[in-house]
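Undergrad: Before I ask anything, here is the structure I am working with.
Coordinate-derived values only; no laboratory data. Quick caveat, the model's predicted, so the values are computed rather than measured. Ideal geometry is used to build each Cβ from the backbone, glycine not excepted, and the neighbour counts take in all protein chains shown.
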Amino acid sequence: MTAGRLAVLIVTALITLAPNFIDSPTPEKAIVLDEAQLSFNGGAMEAVRLPHTWRQDQSYGAARATYSIRLPASAMTPSKMLVIPAVRQPLVARLNGERLDGNGTRPWSRLATGAAYFLTLPGNSPSTADGRLEITLERRDGAVPGHLSPIYIADQDAIDGNWLWTLGGESIWITVFVIQILVTVGITMVWMARRHDRVFGWLFLIAFGSLIRTLPGLPGEAPTLVDVQLYFMFLMSGLGLTGIGLALAIIGSPRPIWLKITIVAAPLVLAAGVASGILPTLPAILLSALIATGGNIVAALVLLRGSLRQACWERLLLAVPFFLMGWFGLRDLGVVVGAIDGVFLLTDYVRAITITAIFAMLMWRLATSLNALDQANDVLRQKLMEQQAELTQLHGRETARASNVAREEERQRLMRDLHDGLSGHLVSIIALSEKEAADRTAIERTAREALDDLRMVINSLDLGDGDLLFALAEFRERIGPQLRRMGITFEWSVENLPQISGMTPGNALSILRILQEAVTNAIKHGPARSIQIINSGGENGAAVITVRNDSAGMREGINGRGLNNMQRRARALGGRIHLDHSDRHTVLTLVLPACLAEG
């Protein structure tokens with residue numbers, strides 16, 4: 001980790017010192033023009049040597065400098081080009097009063113920060129007399145002093161292929177502006193999707209504010225933008241302070257309320273001071289630049305401190321662009337006030353690179369977060385699979401246990417049913433057979449009843465959900481022949497009987513016992529000569545089974561224990577029983593719900 005930090009510090013130091021070691025390119029085999037006469041703002045001519053930088057006179061606004069240079073006759077050939085490697089402020093060049101091609105309006109260039117010019121000499125025959133080259137630098141607004149490098153007369157081949165020329169070209173500014181737009185759009189989309197992430201909120205403010213800051217430099221120079229260009233420069237102070245807010249958000253520290261207020265108040269106070277005349281223009285601009293520079297340096301220190309506390313590479317790498325913004329901001333301030341000898345102002349270059357670097361770092365952070373989320377999902381998925389496997393095992397064991405419990409309950413129920421039904425019949429048979437005068441007919445009838453009861457219990461074991469009709473059909477096949485042998489008329493009807501769910505062997509046996517009890521009571525206590533069993537549908541999907549007989553004398557026999565048993569079984573099924581007596585018949589109605597209760 002220490003070696004990594006050292007490497008980052010070395011690379012950062014090389015970048016900060018690079019402008020001191022990189023000079024403007026010099027064409028090979030070129031004629032050098034470095035002596036001129038200067039007239040500043042229409043004043044008297046004075047001799048100067050190139051490169052020449054205007055003196056900073058603490059002024060803001062329009063300024064004009066005219067350089068008059070002798071051009072040797074031997075240099076004025078059509079195959080030559082006039083090369084000016086470094087110029088600050090817009091340039092117009094004339095040779096012997098004729099304007100040279102290649103200068104003038106350059107809509108995408110930031111001429112106040114530095115540009116390069118390549119001018120074509122006239123295509124007429126070589127002259128035998130020296131020419132007079134007049135170069136005019138004109139500052140329309142702002143406070144950046146003009147600068148003119150030495151002038152070279154060289155062949156076209158001598159200037160091709162040197163990348164440093166691009167610093168003053170239009171293509172680099174088009175690229176920078178497009179990058180700023182793309183980065184701002186990307187940050188905006190991420191911020192809208194992650195409104196809870198304060199880091200992207202602060203980054204959105206920096207990217208959007210930086211993009212707004214570049215609007216006055218767009219081609220066309222709309223009058224409205226030109227008029228407010230001075231006030232756009234005060235946005236620098238807010239952008240620098242926003243960098244502190246971003247740094248605090250990255251390390252997870254709270255953003256103080258005074259910082260949020262100052263971000264808005266600083267540009268407004270400076271703009272209001274200049275507009276009212278309280279603050280001089282140039283000091284206000286320099287103060288805004290100092291606030292921006294200080295904000296970037298403070299942001300770098302906050303991130304550096306955060307990286308040292310938690311050994312975080314991300315914060316260390318993010319501290320570098322903020323530091324470079326502050327460093328080159330101080331350098332450009334020194335160039336503007338004349339304290340540092342430099343040509344190109346680099347803050348605008350570094351700002352675009354810095355925003356792109358910060359965005360790339362935060363995209364890396366987002367990708368890292370997504371990777372961590374994917375890993376967490378994989379861990380959760382693995383744990384879920386393990387839990388599912390464990391639940392499957394538990395479910396299997398629980399199913400086996402429930403099956404054993406169900407079998408045990410069914411065994412207990414079967415034992416109870418056999419005890420309640422078959423055992424009673426067997427006791428009756430034994431009692432009848434032990435009498436001295438045994439009634440063979442009674443013994444036979446009781447034995448048949450015991451056999452029927454055993455068959456009913458055994459048949460109920462095969463019944464399941466949806467088998468109500470099947471259970472009733474078996475009951476009909478068993479009870480019908482018995483009633484006919486006894487001379488009892490038997491009628492059976494099934495009309496729109498609905499399907500009943502929740503049918504289990506226990507529930508089926510309870511229904512059959514209720515019907516069996518109703519028929520037995522009709523025979524014993526009637527005596528009935530006609531029995532009707534009518535099956536139909538009721539309300540809400542209920543099944544209605546009606547047992548009607550023509551006996552009116554069974555009221556006393558059925559109102560006792562038998563009716564109580566039937567009612568108890570019906571309630572256990574979730575249904576109910578209704579008994580209706582009259583002088584001519586007795587009607588027992590069993591109503592079963594659409595879904596039987598678990599019996």
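Undergrad: How do 141-149, 520-528 rank on mean C-beta neighbours within 10 Å, highest first?
TA: Highest-to-lowest ranking by the protection proxy: 141-149, 520-528.
Undergrad: What nm distance separates the two modelled labels at Glu409 and Glu35, each placed 7 Å from Cα along Cα→Cβ?
TA: For the pair Glu409/Glu35, the computed spacing is 11.8 nm.
Undergrad: May I pose another question? Express in nm, to one decimal, how much length is gained between Leu268 and Ala44 on full extension, taking 0.36 nm for each residue of separation and deducting their alpha carbon distance.
TA: So the chain would gain 76.5 nm between Leu268 and Ala44.
Undergrad: Would you calculate the separation in nanometres between label points at Leu14 and Arg568, each defined as 7 Å from the Cα along the Cα-to-beta-carbon direction?
TA: 9.8 nm
Undergrad: At q = 0.09, 0.19 Å⁻¹, what is the log10 ratio I(q)/I(0) for segment 172-371, with the Debye formula run over Cα points and no solvent?
TA: For the requested q values the scattering log ratios are -0.34, -1.48.
Undergrad: Going from the alpha-carbon gyration tensor of segment 45-84, what semi-axes, largest first and in whole Å, does one get by taking the root of 5 times each eigenvalue? Show your work: numbers first, answer last.
TA: Values: eigenvalues 172, 29, 16 Å².
The equivalent ellipsoid of segment 45-84 has semi-axes of 29, 12, 9 Å.
Undergrad: Now for a separate question. Using only the Cα atoms of segment 465-599, construct the convex hull and provide its projected area averaged over every direction, in square nanometres to one decimal.
TA: For segment 465-599, averaging the hull's shadow over all directions gives 7.2 nm².
Undergrad: If you don't mind, another one. Neighbour counts of other C-beta atoms within 10 Å: give me Trp258, Trp364, Trp492 arranged from fewest to most.
TA: Trp258, Trp364, Trp492
Undergrad: On to the next question. Pop the C-beta distance of Ala339 and Glu28 into the FRET formula with R0 = 41 Å and round what comes out to the nearest 0.05. Walk me through the numbers on the way to the answer.
TA: Numbers: r = 33 Å, r/R0 = 0.81.
Plugging the Cβ-Cβ distance into 1/(1 + (r/R0)^6) gives 0.80.
Undergrad: Another question about this same structure. Scale the Cα Rg of segment 290-420 by the rule-of-thumb value 2.2 N^0.38 Å and send over the ratio, two decimals.
TA: 2.44
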